[in-house]
Amino acid sequence: MKSPDQFEMFEGVAVTCARNRRVKASKVEASIDDAEMVRRLKATGRYRILSKLSPRPVVEDPRPGFPRIGVIVDTETTGLNFRTHEVIEFGAVVFSFSDDGKIGDVLEVYSGLQQPSSPIGEEITKLTGITDAMVSGQTLDVGLIERLLKGTDLVIAHNARFDRPFCERISPRFADLPWACSNSEIGWSTRGFEGSKLGYLVAQSGFFHDGHRAVDDCFALLEVLTAGDDLDGTSPFVELYQASLQSRARIWALNSPFEAKDLLKGRGYRWSDGSDGQPKSWWTEVGEADLDTELTYLRTEIYQRSDAEPLVRLMSAVDRFKA
């Protein structure tokens, strides 16, 4: 049996050893900076490193050579139907860009909450993190939002078909601006991405961020769009901007045979039940350059009549993604 003095001796040795280990570890950590640790981990081939996304600073003196203005917007809402649900958060990041699609500086940022007319559902709070207490007494500064939109050359949302109708409820100024959808108008799969959801794009771009808050998602999308901006390859934003300059054709396959519905659906056509004021018909959108090809397909495979005349409407970026 050990004496009390022996226990004190062993305890002192253990404390000294532990202290020495901590000192050695701190010296090792001090000798390796973050960049070196990342390099070593990547070199093993067993790790994928994600960096926390830091919002770009707002500049007071923007660099010359970026004369155009883009606005990335995002909304958090009480539901999916813009006619019956309401915006509870709106975020916007205003940035400059050049005629060839190079992104310049962040010029202004807006983030605001708004109290809806009824309590926020539990599922919406789980999704967004926004509670009734957070929005109590809050309203969006519509005047400030409209001021941010002055001179805007392009409004970008990651699901413009969803966000645009809600934004137009915030202010009618959104209805007169050109829109682009970073989800549907960029070939993410051809760029090697496994999906087009913002979370996938951010992670595969090497970042992580606090998602599902409006302005955070705006900053995250800006970084994703900028990927490759300093390389020889075309960045996602260049692709998106070029797409926004092209007219698109919306085609309604009016009075198409019922038995052709599977062919149309398989080709990417959507069904409109007419409740939104659009024709009750299968419809699709194609680039203006692909219009003749699509009409030939409809006449040959669907109507089987060379004189068939589907309804066609050419749309600019100002018209696209409207409800």
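The values are calculated or read from the model by the stated rules, or taken from the named source; none is laboratory data. All figures in this text were calculated on a predicted structure; none of them were measured in a lab. So basically every Cβ, Gly included, is an ideal-geometry build from the backbone, and we count neighbours across all protein chains shown. Heads up: the accessible areas ignore ligands, DNA and RNA and are worked out on the full protein's heavy atoms, side chains in. Shrake-Rupley method; radii C 1.70, N 1.55, O 1.52, S 1.80 Å.
I'd like to verify a number: residues in the range 124-142 that are modelled with pLDDT under 95 and either in contact with a Phe, Trp or Tyr (Cβ under 9 Å, 6 or more places away or on another chain) or charged (D, E, K, R) (or both), how many?
1
How many residues are open to solvent by 50 Å² or more (accessible area, probe 1.4 Å) and among the hydroxyl-bearing types (Ser, Thr, Tyr) if we restrict to the range 195-227?
Summing the residues that are open to solvent by 50 Å² or more (accessible area, probe 1.4 Å) and among the hydroxyl-bearing types (Ser, Thr, Tyr) in the range 195-227 gives 1.
Give the range 284-323 a look and list any residue that's assigned to a loop (DSSP other than H, G, I, E, B) and of a type in the set (Gly, Ala, Ser), or say none.
Ser306, Ala308, Ser316, Ala317, Ala323
Counting just the residues of the range 30-80 that are surrounded by 11 or more Cβ atoms within 10 Å (Cβ to Cβ) and of a type in the set (S, T, N, Q), which one comes out nearest to Ile120 (Cα to Cα)?
Here the residue is Thr78.
Listed here are the residues, each with its yes/no results for (1) touching a residue at least 40 places away in the same chain (Cβ under 8 Å); (2) open to solvent by 20 Å² or more (accessible area, probe 1.4 Å); (3) under 13 Å from the mean Cα position of the chain (by Cα).
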| site | (1), (2), (3) |
| --- | --- |
| Val135 | yes, no, no |
| Gln138 | no, yes, no |
| Leu148 | yes, no, no |
| Asp153 | yes, yes, no |
| Ile170 | yes, yes, no |
| Phe193 | no, yes, no |
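At pLDDT 95 or above, assigned to a helix (DSSP H, G or I) and closer than 12 Å to Ile72 by Cα - does that describe any residue in the range 153-162?
yes
May I ask you to list the residues in the range 95-143 that are of a type in the set (A, V, I, L, M) and in contact with a strand residue (DSSP E or B) (Cβ under 7 Å, 6 or more places away or on another chain)?
Ile103, Val106, Leu107, Val109, Leu113, Ile120, Ile130, Met134, Val135, Leu140, listed by residue number.
Restricting to the range 81-99, name every residue that is surrounded by 14 or more Cβ atoms within 10 Å (Cβ to Cβ) and acidic (Asp, Glu).
Within the range 81-99, Glu86, Glu89 qualify.
I'd like the full set of residues that are modelled with pLDDT under 95 and either open to solvent by less than 30 Å² (accessible area, probe 1.4 Å) or of a type in the set (A, V, I, L, M, F, W, C) (or both), limited to the range 286-313.
Matches in the range 286-313: Val286, Gly287, Ala289.
Within the set of pairs 6+ apart or on separate chains, which have a first residue in the range 237-255 that is surrounded by fewer than 18 Cβ atoms within 10 Å (Cβ to Cβ), a second that is modelled with pLDDT under 95 and assigned to a helix (DSSP H, G or I), and C-beta atoms under 6 Å apart?
Ser247/Glu288
Please work out which one of (1) under 30 Å from Ser51 (Cβ atoms); (2) surrounded by 12 or more Cβ atoms within 10 Å (Cβ to Cβ); (3) modelled with pLDDT under 95 is the condition Asp230 fails and give its number.
In the conditions (1) under 30 Å from Ser51 (Cβ atoms); (2) surrounded by 12 or more Cβ atoms within 10 Å (Cβ to Cβ); (3) modelled with pLDDT under 95, Asp230 misses (2) alone.
Of everything in the range 172-191, what is of a type in the set (A, V, I, L, M, F, W, C), surrounded by 16 or more Cβ atoms within 10 Å (Cβ to Cβ) and outside any loop (DSSP other than H, G, I, E, B)? Give them in sequence order.
Result: Phe174, Trp179, Ala180, Cys181.
Under 7 Å between Cβ atoms, at least 6 apart or on separate chains: pull out the pairs that start in the range 293-314 with a residue that is over 21 Å from Gln246 (Cα atoms) and end on any residue that is open to solvent by 50 Å² or more (accessible area, probe 1.4 Å) and part of a loop (DSSP other than H, G, I, E, B).
Arg299/Arg305; Arg299/Ser306; Pro310/Leu254
Being open to solvent by 70 Å² or more (accessible area, probe 1.4 Å) and closer than 28 Å to Leu240 by Cβ is the filter here; which residues of the range 112-133 pass it?
Residue satisfying the conditions is Leu127 alone.
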